[in-house]
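> Sharing a structure here in structure tokens format.
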Amino acid sequence: MAFKPEFPTEGSPISKLFGLMGYVGYNPGGNIVRATVVKEPPNLAVRVDGETIDTSIDGLVCNPELLPHSEIVTINDERVAIEYDNKLNVGTKVYAFEPEHRQLLYILTLAE
């Protein structure tokens, strides 16, 4: 019988967020882990805290908002391009989802 987490009411905002994620979208087949960026895009690589081997770009699925990108918006009836910088610099801490099968690592967001 699998254990389903309870709705979080205490802790830091980030622990409440992850508790809520576990409560709403519980999946007994994976874990939220912290990792550190060891190589910047386009050859992105991260190392999960406590591991000794890096996960290269071939084993990563990344939130596109963390990568350099641009978008075109309309401000006062004028179209403007907004450029967003790379947020995944060497040494940056991230939260990632590591499924039970461990074939891919899903980078979710920056860690504090």
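> Just to verify a result, which residue in the range 83-105, among those that are modelled with pLDDT of 90 or more and open to solvent by 50 Å² or more (accessible area, probe 1.4 Å), is nearest to Gly29 (Cα to Cα)?
Lys93
> Quick check on my filter: what residues within the range 38-91 are without any contact (Cβ under 8 Å) to a residue 24 or more places away in the chain, part of a helix (DSSP H, G or I) and either aromatic (Phe, Trp, Tyr) or more than 17 Å from Ala111 (Cα to Cα) (or both)?
Ile57, Asp58
> Here is a check on your reading of the model: is Glu112 outside any strand (DSSP E or B) and touching a residue at least 24 places away in the same chain (Cβ under 8 Å)?
Against the criterion (outside any strand (DSSP E or B) and touching a residue at least 24 places away in the same chain (Cβ under 8 Å)), Glu112 qualifies.
> Starting from residues that are part of a strand (DSSP E or B) and not hydrophobic (A, V, I, L, M, F, W, C), keep the ones in the range 92-109 and report whichever is farthest from Pro42 (Cα to Cα).
My answer is Pro99.
> Follow-up question, since we're still on this one. Is it fair to say Pro13 is under 16 Å from Thr109 (Cβ atoms) and at pLDDT below 75?
Spelling it out, Pro13 is indeed under 16 Å from Thr109 (Cβ atoms) and at pLDDT below 75.
> Right, something else. Counting only residues that are aliphatic (A, V, I, L, M) and open to solvent by 70 Å² or more (accessible area, probe 1.4 Å), which one in the range 33-59 is modelled with the highest pLDDT?
By that ranking, first place goes to Ile53.
> Need the failing condition index for Val80 against (1) of a type in the set (A, V, I, L, M, F, W, C); (2) modelled with pLDDT of 90 or more; (3) surrounded by 12 or more Cβ atoms within 10 Å (Cβ to Cβ), just the number.
Status for Val80: all satisfied but (3).
The values are calculated or read from the model by the stated rules, or taken from the named source; none is laboratory data. The shown structure was predicted, so the numbers you read here are calculated from the model rather than taken from an experiment. Please note: Cβ atoms are built from the backbone with ideal geometry, for glycine as well, and neighbour counts cover all protein chains shown. Ligands, DNA and RNA are stripped out before the accessible areas are found, and what is left, the full protein with its side chains, is counted by its heavy atoms. Shrake-Rupley method; radii C 1.70, N 1.55, O 1.52, S 1.80 Å.
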